[in-house]
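First comes the structure, then the notes that go with it.
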Amino acid sequence: MTLVAAPDSDVASAQPPQKAKRRVRWQRTISPVLILVLWETASRTGVIAEDKLPAPSTVLQTGWRLARDGTLGDHLLDSLTRAAIGLLIGGTLALVLGSVAGLLRAGDDAIDPPVQMARMLPHLALVPLLIIWVGIGESMKITLVALGAFFPLYFNTYAGIRDIDERLVEAARTCGLNTWQRIRHVVLPGALPSLFLGLRLAIGAAWLSLVVGEQTNTQNGIGFLMMEAREFSQTDVVVLGLFVYAGLGLLSDLLLRILERRTLAWRRGLQAT
Amino acid sequence: MAPRTASDLVVRARGVRRAFGPVTVLDGADLDIARGEVVALLGGSGSGKSTLLRILAGLDPAASGDFTVPAQHAVVFQEHRLLPWKRVIDNVGLGVDDRTRCTDALAEVGLADRARAWPIELSGGQAQRVAFARALAREPSVLLLDEPFGALDALTRLRMQQLFGRLRARHGFAALLVTHDVEEALLLADRALVLDRGVIAADLPVELEHPRAPDAPGFGVLRRRLLDLLGVPSAA
């Protein structure tokens with residue numbers, strides 16, 4: 001995932017710095033717009049050959065055309081479904097195993113070593129093996145997404161639980177909270193920032209796995225759309241597919257950050273009240 | 001020390017032992033706290049005074065010995081230890097069902113208007129007051145205080161000590177005050193204990209009139225005695 005986000009300022013700031021921040025945001029849009037304009041003119045004037053890289057406006061037109069006849073929507077839905085199912089399976093597994101390993105010593109001993117070993121395998125390199133195991137159908141794609149999502153979420157769940165300040169758990173104990181209450185009031189909220197980070201990384205890995213998975217033997221999905229277009233040298237559709245993947249990544253990240261900002265209001269106390 | 005019957009005691013500990021590896025920190029310490037009595041526990045750095053308090057608070061399962069501490073006890077640590085993800089009032093209400101008790105406790109430490117604030121928004125002194133409110137809301141018969149004013153600046157510490165005096169006068173709880181500050185012990189406690197080599201080496205009644213001040217008659221003498229017991233030679 002190569003999304004570079006403006007660094008969140010955790011420092012509670014008064015009015016003037018906020019103004020400066022807004023100005024910086026505006027300034028950050030200049031260079032991307034400039035690149036788009038350059039690209040457009042280069043394509044229009046023939047500096048870049050149309051069949052190598054079509055102009056952004058052409059890509060947008062193609063997108064509009066495919067969206068209107070429903071092609072884009074159908075394929076997008078197929079891709080989203082794969083991503084969602086894979087993310088759900090991999091994510092749930094990561095949360096459960098990460099929590100067990102983080103909370104229980106026995107769980108740590110049993111679960112963490114094999115996971116640490118498996119982490120060293122680049123999961124995308126498992127494609128040949130997965131094809132032998134589960135075939136080239138839908139289950140291969142979903143397994144790949146689930147694998148991609150599992151590791152970042154597992155490690156961040158584990159680390160989030162392990163990093164909780166033991167003194168806070170102790171304080172909760174002196175307040176008479178039993179184990180489950182301590183998990184609910186101390187461990188879970190304490191691990192939440194880490195869980196969010198894990199989820200963001202997991203979603204990024206899920207998109208990546210989806211891209212790779214959809215390039216082998218598919219009849220639908222954004223990846224199929226791109227592979228089919230390549231055979232007919234429809235460069236605009238290929239670039240459109242890239243745009244869609246990028247847009248999906250950007251959108252999911254944005255949604256998650258909004259959710260994170262709301263849930264973790266306590267970290268920016270002064271601004272939230 | 002005047003003889004007391006067992007029913008007068010809220011805390012009773014006999015032969016408390018705790019070793020960290022080869023180092024024996026507590027070697028059979030005995031401790032009694034009567035109903036409503038404030039006992040200061042002094043000792044050099046590493047003498048085990050915090051260890052003893054943690055044992056009494058039920059936070060150290062590796063300790064041995066006989067001790068009874070009422071279920072209605074509360075602990076205030078040197079750091080406030082508020083949960084940063086809970087608003088002030090929810091921190092006070094941790095494990096307490098009765099909400100009015102929490103708002104009352106918060107009002108008693110003078111922070112009723114900060115109930116909806118996040119802990120990150122509080123100053124060090126305010127956060128420590130919330131920690132006291134959290135303890136008060138459990139209506140404890142004994143408070144276990146582990147250097148509760150140690151991390152505060154001098155002025156805030158004085159105000160907190162006065163607040164502690166007022167709360168104690170109103171609620172009549174007993175308290176074990178672990179401190180390294182001889183003046184603090186003499187200002188607040190009815191009795192001062194000195195922990196040395198794993199046992200209670202000295203038990204000094206502090207019979208001074210309230211309100212106390214470091215320039216009151218008799219204060220200096222007791223101060224000198226306690227410093228002697230702690231092994232601090234006089235400057236002259």
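Here are some notes:
- Residues of the stretch A:209-267 satisfying the condition of being within 14 Å of another protein chain (Cβ to nearest Cβ) and in contact (Cβ under 8 Å) with a residue 12 or more places away in the chain: A:260, A:263, A:264, A:267
- Residue selected from the stretch A:184-208 under the condition among the β-branched types (Val, Ile, Thr) and within 13 Å of chain B (Cβ to nearest Cβ), by the criterion surrounded by the most Cβ atoms within 10 Å (Cβ to Cβ): A:186
- Subset of the stretch A:138-178 that is touching a residue at least 12 places away in the same chain (Cβ under 8 Å) and small (Gly, Ala, Ser) - its residue that is surrounded by the fewest Cβ atoms within 10 Å (Cβ to Cβ): A:159
- The single condition from (1) buried (at least 21 other Cβ atoms within 10 Å of the Cβ); (2) at negative phi; (3) at the interface with chain A (Cβ under 7 Å from one of its Cβ atoms) that residue B:120 fails is (1).
- Here the stretch B:35-89 is the region considered, the condition is being acidic (Asp, Glu) and surrounded by fewer than 16 Cβ atoms within 10 Å (Cβ to Cβ), and the residue that is farthest from the other protein chains (Cβ to nearest Cβ) is B:66.
- Index of the failed condition, residue B:139 passing every other in (1) of a type outside the set (Phe, Trp, Tyr); (2) facing another protein chain (nearest Cβ under 8 Å); (3) not in a helix (DSSP H, G or I): (2)
- Taking the stretch B:1-111 and the helices (runs of 4 or more DSSP H) fully enclosed by it, the elements with 3 or more residues that are in contact with a helix residue (DSSP H, G or I) (Cβ under 7 Å, 6 or more places away or on another chain) are at B:88-92, B:99-108.
- When the test is whether a residue is within 10 Å of chain B (Cβ to nearest Cβ) and either small (Gly, Ala, Ser) or surrounded by fewer than 17 Cβ atoms within 10 Å (Cβ to Cβ) (or both), residue A:181 passes it.
- Restricting attention to the stretch A:227-273, the residues being more than 20 Å from the chain's Cα centre (by Cα), outside any loop (DSSP other than H, G, I, E, B) and under 21 Å from residue B:120 (Cβ atoms) number 8.
- Scanning the stretch A:228-243 for residues being aliphatic (A, V, I, L, M) and in contact with a Lys or Arg (Cβ under 8 Å, 6 or more places away or on another chain) gives a total of 1.
The numbers here are math on the coordinates, done by the rules we state, and not lab data. This structure is a prediction, so every number in the text was calculated from the model and none was measured. Every residue, glycine as well, gets a Cβ built from its backbone with ideal geometry; the counts of neighbours run over all protein chains shown.
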